[in-house]
Ligand SMILES: Cc1cc2nc3c(=O)[nH]c(=O)nc-3n(C[C@H](O)[C@H](O)[C@H](O)COP(=O)(O)OP(=O)(O)OC[C@H]3O[C@@H](n4cnc5c(N)ncnc54)[C@H](O)[C@@H]3O)c2cc1C
């Protein structure tokens, strides 16, 4: 079967691109090896950043410039005013709060944050503070950065494009037939359920498989050392009495902690804790990280009662195009060789930029006829990934009772 494009990987990047290419009239399929959004997207905090994080040094950095239009792009999609239509994606919060550790440098960070952004922090009065920030000494600001549920975002797009998304066995059920390195002639798939086969002849092959991109590139004769991984060890806290909080505690040019909240099916509030804590956590085992995060939360949120909470951690990698010194790339990364394109969005919020970039390079669709997906009607479909802390067998502990277990790696 001839296709205009074949996408590998159904995280934020692949699914946003699938929407864009489908709307542009391309005959396109997306192949997923595990579950949609596994790796990074479902494990992410879902903050639709407007660049503030990247102005904390007081300068409008390249990263901030690239990201500052994104809150409006996402807001329009979430309201159904532009494509993709994300009206079924759950918005967990319409804003994030910013507060600071009581130091002059962090105040400077707050001021620097005002430079050149479309969305800016606004200082709020004591009465406007969320409960969680009641005990905080110093300024609190509200920033109109939305927080979405990444899992519901993936589910939203998966529902809209179910007929174009196929589950594959990337180890045993995938073969590339190459004309030359980076020039894919055809792709042969073996169904993971009944062994039936499918041979696809795509004009363009696109890898948006996050950490899986390196291996896919290798299999198509391309170099794999163009990707880097930056690990995070995240903390998750849950409790019936935990207040809702979405925001960042700033300390100079750093985010000391970033907290996002959601309710679980048992009515418990669940905090995902990232920021510097998760960077520090890479060197720590779950027990040591729990102690460290507890200390950090006590000092940045003195008014929050953390007794009767349960804790867990999860490890995952950010997968990105490699940079010379291993630091975070300033923006999306796209590589083209032969008929293979490889893309990393670098941030969830930049998925629209990546999709635009790849779509703008694509040739016009082969034919104008609608894409007939009936030949794949009986092919298995992937599910959406579980939240890392809701995966089967995931362990939780009370403060001081963390078991001696090795760190888990989600990506
Ligand atoms: C803990 C954490 C928190 C974050 N928080 C934020 C945030 O708040 N805001 C923000 O903007 N960004 C955030 N990010 C960054 C953001 O999550 C990522 O930049 C983004 O999700 C990457 O999306 P992706 O589609 O490229 O990759 P992924 O989400 O990793 O998706 C890749 C997909 O490809 C599939 N795959 C892998 N190999 C193959 C193969 N061989 N064949 C087919 N499919 C394959 C995987 O199963 C997966 O479904 C966070 C990242 C982490 C790790």
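The values are calculated or read from the model by the stated rules, or taken from the named source; none is laboratory data. All figures in this text were calculated on a predicted structure; none of them were measured in a lab. Note: ideal-geometry Cβ built from the backbone for every residue, glycine included; neighbour counts use all protein chains shown.
Listed values, structure above:
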| item | result |
| --- | --- |
| Hey, residue 320 within 11 Å of the ligand (Cβ to nearest atom) and closer than 19 Å to residue 255 by Cα or not | no |
| Residue in segment 326-340 that is within 8 Å of the ligand (Cβ to nearest atom) and either over 30 Å from residue 242 (Cβ atoms) or in contact with a helix residue (DSSP H, G or I) (Cβ under 6 Å, 6 or more places away or on another chain) (or both) present | no |
| Filtered residues of segment 354-399 (kept if in contact with a strand residue (DSSP E or B) (Cβ under 8 Å, 6 or more places away or on another chain), under 30 Å from residue 313 (Cα atoms) and not in a helix (DSSP H, G or I)) | 381, 382, 383, 384, 385, 394, 395, 396, 397, 398, 399 |
| Per-region count, segment 76-108, residues modelled with pLDDT of 85 or more and in a loop (DSSP other than H, G, I, E, B) | 14 |
| Looking only at segment 271-302, and only at residues there that are more than 13 Å from the ligand (Cβ to nearest atom) and in contact with a helix residue (DSSP H, G or I) (Cβ under 7 Å, 6 or more places away or on another chain), the one that is nearest to residue 143 (Cα to Cα) | 301 |
| Per-region count, segment 267-286, residues outside any strand (DSSP E or B) and within 11 Å of residue 255 (Cβ to Cβ) | 5 |
| Residues that are outside any helix (DSSP H, G or I) and surrounded by fewer than 23 Cβ atoms within 10 Å (Cβ to Cβ), drawn from segment 9-25 | 24, 25 |
| Listing of strands (runs of 3 or more DSSP E) fully contained in segment 191-264 that carry 2 or more residues being surrounded by fewer than 18 Cβ atoms within 10 Å (Cβ to Cβ) and touching a strand residue (DSSP E or B) at 6+ places or on another chain (Cβ under 7 Å) | 197-207, 227-239 |
| Residue count, segment 157-177 (criterion: near the ligand (Cβ under 10 Å from one of its atoms), touching a residue at least 12 places away in the same chain (Cβ under 8 Å) and either touching a helix residue (DSSP H, G or I) at 6+ places or on another chain (Cβ under 7 Å) or in a loop (DSSP other than H, G, I, E, B) (or both)) | 4 |
| Pair list, Cβ < 7 Å and 6+ apart or interchain, from segment 355-369 residues that are over 14 Å from residue 339 (Cα atoms) to residues that are in a helix (DSSP H, G or I) | 355/16; 355/17; 355/20 |
| Checking residue 346 against (1) surrounded by 14 or more Cβ atoms within 10 Å (Cβ to Cβ); (2) in contact with a helix residue (DSSP H, G or I) (Cβ under 8 Å, 6 or more places away or on another chain); (3) not in a strand (DSSP E or B), the condition it does not meet | (2) |
